[in-house]
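Visitor: Before anything else, here's the structure in question.
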Amino acid sequence: MEKLVECVANISEGRRAHVVDEIVGAIAGQAGVCLLGAESDIDHNRSVVTFVGAPQDVSAAAFAGIRVSAELIDMTRHRGQHPRIGAADVTPFVPLRNISMEECIELARSLGARVGRELRLPVFLYADAALQESNRKLSAIRRAGYERLRDSIKTGKAPQPDYGPRNLGSAGGCAIGARDILIAFNVYLTTADLAVGQAIAHAIRASSGGLPHVQALGFFVKGRAQVSMNLTNYRATSMRDVVERIRHEARGFHVAIEGSEIIGLLPRAALAGASASQLQIANFSPERLLEFHLGALD
């Protein structure tokens with residue numbers, strides 16, 4: 001069986017459909033790549049594009065997406081809820097079949113060097129591909145946001161890029177990495193009070209002493225407080241654990257969970273111990289399961 005790697009590209013554009021379509025087209029147009037999904041969020045002004053294929057084909061498609069994103073997105077004009085540092089904001093490689101994490105690390109570093117060299121964009125290697133320990137956590141790279149990073153990068157303060165210029169132009173920088181499967185999961189509360197969403201996010205995230213392997217921020221999206229999360233190890237901290245903890249925290253504010261949503265895909269095992277309805281996932285369908293698409297590739 002051939003090697004299969006996944007890339008989940010996060011692009012800083014979710015409002016101009018024609019721009020998103022052109023970026024997705026550049027990715028999907030690469031030979032040997034299978035596009036699994038693309039979805040946009042207006043409030044976050046962000047799109048997530050998921051694709052799989054042989055390692056070098058996926059790398060070539062990721063490069064094409066980064067190149068077109070840098071050409072079409074001006075970060076000096078970009079506004080959105082989600083933290084971001086650049087047009088082609090995040091490009092992670094995920095090992096799926098017959099490929100090791102070490103190979104994905106090499107893929108990320110090779111792409112980073114190419115982007116820095118050919119596109120002249122600052123590249124920050126993160127997660128397992130990190131060369132600088134200070135850049136290992138994506139949140140450490142994006143914490144300042146594009147505007148502050150644009151100013152601080154010239155002073156030599158961390159974070160600093162691994163490849164490309166020490167200067168953020170209108171396309172910003174790129175975070176490129178290798179990681180395990182991550183679940184992007186948003187929970188909406190029955191309140192429009194942003195402070196409640198932020199307080200619950202603070203209570204549940206690992207960095208604040210909450211649940212292990214949970215990254216969380218509070219936003220105001222679609223007229224509701226949203227707890228936006230990345231679950232970096234669903235085997236250690238399940239989706240059920242997260243939802244139960246949010247329900248507990250919400251009761252303290254006399255609110256409840258209105259619903260939840262998945263961004264991108266998730267493995268079937270992530271639903272272990274709870275059904276999609278129990279997790280109140282409004283946008284769940286079999287097409288949200290990674291196995292649904294991998295089966296079609298066999």
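Visitor: Within the stretch 141-152, is there a residue that is part of a loop (DSSP other than H, G, I, E, B), more than 22 Å from Leu266 (Cβ to Cβ) and modelled with pLDDT under 95? Walk me through how you get there before you give the answer.
Guide: Going through the stretch 141-152, the residues part of a loop (DSSP other than H, G, I, E, B) turn out to be 143-144.
Okay, now just the ones that are also more than 22 Å from Leu266 (Cβ to Cβ), so 143-144.
Those still in the list that are modelled with pLDDT under 95 too: 143-144.
So far as the stretch 141-152 goes, yes, one or more of its residues are part of a loop (DSSP other than H, G, I, E, B), more than 22 Å from Leu266 (Cβ to Cβ) and modelled with pLDDT under 95.
Visitor: Any residue at all in the stretch 91-111 that is in contact with a Phe, Trp or Tyr (Cβ under 8 Å, 6 or more places away or on another chain) and of a type in the set (S, T, N, Q)?
Guide: No, because not a single residue in the stretch 91-111 is in contact with a Phe, Trp or Tyr (Cβ under 8 Å, 6 or more places away or on another chain) and of a type in the set (S, T, N, Q).
Visitor: Touching a Ser or Thr at 6+ places or on another chain (Cβ under 6 Å) and among the basic types (Lys, Arg), is that true of Arg84? If you could, list the steps in order and put the result at the bottom.
Guide: Details: touching a Ser or Thr at 6+ places or on another chain (Cβ under 6 Å): yes; among the basic types (Lys, Arg): yes.
The answer is yes for Arg84.
Visitor: Counting only residues that are in contact (Cβ under 8 Å) with a residue 24 or more places away in the chain, in contact with a Gly (Cβ under 6 Å, 6 or more places away or on another chain) and surrounded by fewer than 22 Cβ atoms within 10 Å (Cβ to Cβ), give me the strands (runs of 3 or more DSSP E) lying completely in the stretch 1-111 with at least 3 of them. Break it down stepwise before answering.
Guide: On the way: elements: 4-11, 33-41, 46-53, 88-97.
Those strands (runs of 3 or more DSSP E) span 33-41.
Visitor: Which condition breaks for Leu194 when tested against (1) of a type outside the set (Val, Ile, Thr); (2) within 18 Å of Glu249 (Cα to Cα); (3) surrounded by 21 or more Cβ atoms within 10 Å (Cβ to Cβ)?
Guide: In the conditions (1) of a type outside the set (Val, Ile, Thr); (2) within 18 Å of Glu249 (Cα to Cα); (3) surrounded by 21 or more Cβ atoms within 10 Å (Cβ to Cβ), Leu194 misses (3) alone.
Visitor: Residue by residue through the stretch 122-140, note down the ones that are of a type outside the set (Asp, Glu) and in a helix (DSSP H, G or I).
Guide: Filtering the stretch 122-140 for residues of a type outside the set (Asp, Glu) gives 122-127, 129-132, 134-140.
Correct list: Ser134, Asn135, Leu138, Ser139, Ala140.
Visitor: Test Leu138 against the stated conditions and say whether it is in contact (Cβ under 8 Å) with a residue 60 or more places away in the chain and closer than 16 Å to Asp180 by Cβ.
Guide: Numbers: in contact (Cβ under 8 Å) with a residue 60 or more places away in the chain: no; closer than 16 Å to Asp180 by Cβ: yes.
Spelling it out, it is not the case that Leu138 is in contact (Cβ under 8 Å) with a residue 60 or more places away in the chain and closer than 16 Å to Asp180 by Cβ.
Visitor: Still on this model: Would it be correct to say that Ser207 is surrounded by fewer than 18 Cβ atoms within 10 Å (Cβ to Cβ), assigned to a helix (DSSP H, G or I) and at negative phi? Even if it seems obvious, please write down each step before you answer.
Guide: Working: surrounded by fewer than 18 Cβ atoms within 10 Å (Cβ to Cβ): yes; assigned to a helix (DSSP H, G or I): yes; at negative phi: yes.
So Ser207 fits the description; yes.
Visitor: Among the listed residues Ala129, Ala225, Ala175, identify the single one that is surrounded by 24 or more Cβ atoms within 10 Å (Cβ to Cβ) and closer than 21 Å to Ala282 by Cα.
Guide: That would be Ala225, the only listed residue that is surrounded by 24 or more Cβ atoms within 10 Å (Cβ to Cβ) and closer than 21 Å to Ala282 by Cα.
Visitor: Moving on. Could you list all residues from the stretch 164-186 that are within 16 Å of the chain's Cα centre (by Cα) and either over 30 Å from Glu102 (Cβ atoms) or acidic (Asp, Glu) (or both)?
Guide: Of the residues in the stretch 164-186, the ones within 16 Å of the chain's Cα centre (by Cα) are 173-186.
Matches in the stretch 164-186: Asp180, Asn186.
The values are calculated or read from the model by the stated rules, or taken from the named source; none is laboratory data. The structure presented is a predicted model; accordingly, all values stated were derived computationally and were not measured. Positions of Cβ are generated from backbone atoms using ideal geometry, with glycine treated the same way; all protein chains shown enter the neighbour counts.
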